[in-house]
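One structure below.
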């Protein structure tokens, strides 16, 4: 992991903000080193930064988690806590299977700037169109087994950098007519097992660099920025659409393409 503390903090900020905003954390972690001219630390460091975002989502949704596990019962939308827990497990399965099958490609073939740009552009457009046209008749208390599986299948596409795990799951939830806040909340809750699983899968690499101050700086940075991103997104979509992320994704995709061809 040949990066400095400053670079680790920068990547942590990128990870924390882009993990929960629908703009693709993996895509940004591929592009950031390329844009700023420092070495790509690789997938193992990407996953390590997910530990920070796991802390962020766990802290922000601590009360939700207690209700989902049946330890508390002060949130009406989780009156059937065990059901929501099972739904989250079901929604996680497709992503785990695809991640296991395509892990090697995720580390090599998929980490290409033009592929990232294409995915940012295409799936940003899909998010915009669905969010603009979909009704908002359902909230998080009405998630069914079919919904969880559908959103989980969509999440599996995020193995390709640029798709965005949060972006594709929010898109799928909006297509199923969940309101914007419920789509975001379910997306964030669904991220918890997949992020935890990724950390466990690479536990050997995680513990190998766990006492490294550069590594720790990145984790702390991703945790703080991740918490801010969650709170900000939920506040934003409670009164506005996801359109701002469409414009950001399309602009970034164009910038990547221009830089790629003009720098070669």
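The values are calculated or read from the model by the stated rules, or taken from the named source; none is laboratory data. All values reported here derive from a predicted model rather than from experimental measurement. Heads up, the Cβs are rebuilt from the backbone with ideal geometry, glycines too, and the neighbour counts pull from every protein chain shown.
Cβ-Cβ distances below 8 Å connect the following pairs, each with a first residue in region 135-158 that is touching a residue at least 60 places away in the same chain (Cβ under 8 Å), a second residue that is surrounded by fewer than 14 Cβ atoms within 10 Å (Cβ to Cβ), and a separation of six or more residues or different chains: 141/76; 141/79; 156/97. Scanning region 241-256 for residues that are outside any helix (DSSP H, G or I) and more than 16 Å from the chain's Cα centre (by Cα) yields a count of 1. For residue 129, the conditions (1) in a helix (DSSP H, G or I); (2) touching a helix residue (DSSP H, G or I) at 6+ places or on another chain (Cβ under 8 Å); (3) at pLDDT 90 or above all hold with the exception of (2).
Listed here are the residues, each with its yes/no results for (1) within 16 Å of the chain's Cα centre (by Cα); (2) at pLDDT below 90.
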residue	(1), (2)
178	no, no
184	yes, no
205	no, yes
239	no, no
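Considering region 56-71, and only residues there that are without any contact (Cβ under 8 Å) to a residue 12 or more places away in the chain and more than 20 Å from the chain's Cα centre (by Cα), the residue that is surrounded by the most Cβ atoms within 10 Å (Cβ to Cβ) turns out to be 66.
Here the condition is being over 24 Å from residue 28 (Cα atoms) and part of a helix (DSSP H, G or I); of 171, 192, 150, it holds for 150 alone.
Check whether at least one residue in region 72-85 is within 28 Å of residue 204 (Cα to Cα), touching a helix residue (DSSP H, G or I) at 6+ places or on another chain (Cβ under 7 Å) and in contact (Cβ under 8 Å) with a residue 40 or more places away in the chain, and report yes or no. No. In region 173-184, the qualifying residues are those that are buried (at least 24 other Cβ atoms within 10 Å of the Cβ) and out of contact with any strand residue (DSSP E or B) (no Cβ under 8 Å at 6 or more places or on another chain), and the one that is nearest to residue 18 (Cα to Cα) is 184. Within the set 235, 249, the sole residue that is surrounded by fewer than 15 Cβ atoms within 10 Å (Cβ to Cβ), at pLDDT 95 or above and farther than 27 Å from residue 90 by Cβ turns out to be 235. A search for C-beta distances below 6 Å between a residue of region 102-123 that is more than 22 Å from residue 262 (Cβ to Cβ) and any residue that is modelled with pLDDT of 65 or more and part of a loop (DSSP other than H, G, I, E, B), counting only pairs 6+ apart in sequence or on different chains, returns 110/160; 110/161; 123/163. Determine, yes or no, whether residue 116 is on the phi < 0 side of the Ramachandran plot, modelled with pLDDT under 95 and outside any helix (DSSP H, G or I). So residue 116 does not fit the description; no. Residue pairs whose Cβ atoms lie under 9 Å apart, separated by 6 or more positions or on different chains, with the first residue in region 25-49 and on the phi > 0 side of the Ramachandran plot and at pLDDT below 70 and the second in a helix (DSSP H, G or I) and surrounded by fewer than 24 Cβ atoms within 10 Å (Cβ to Cβ), are 42/107. Of the numbered criteria (1) modelled with pLDDT under 95; (2) over 13 Å from residue 53 (Cα atoms), the one residue 243 fails is (1).
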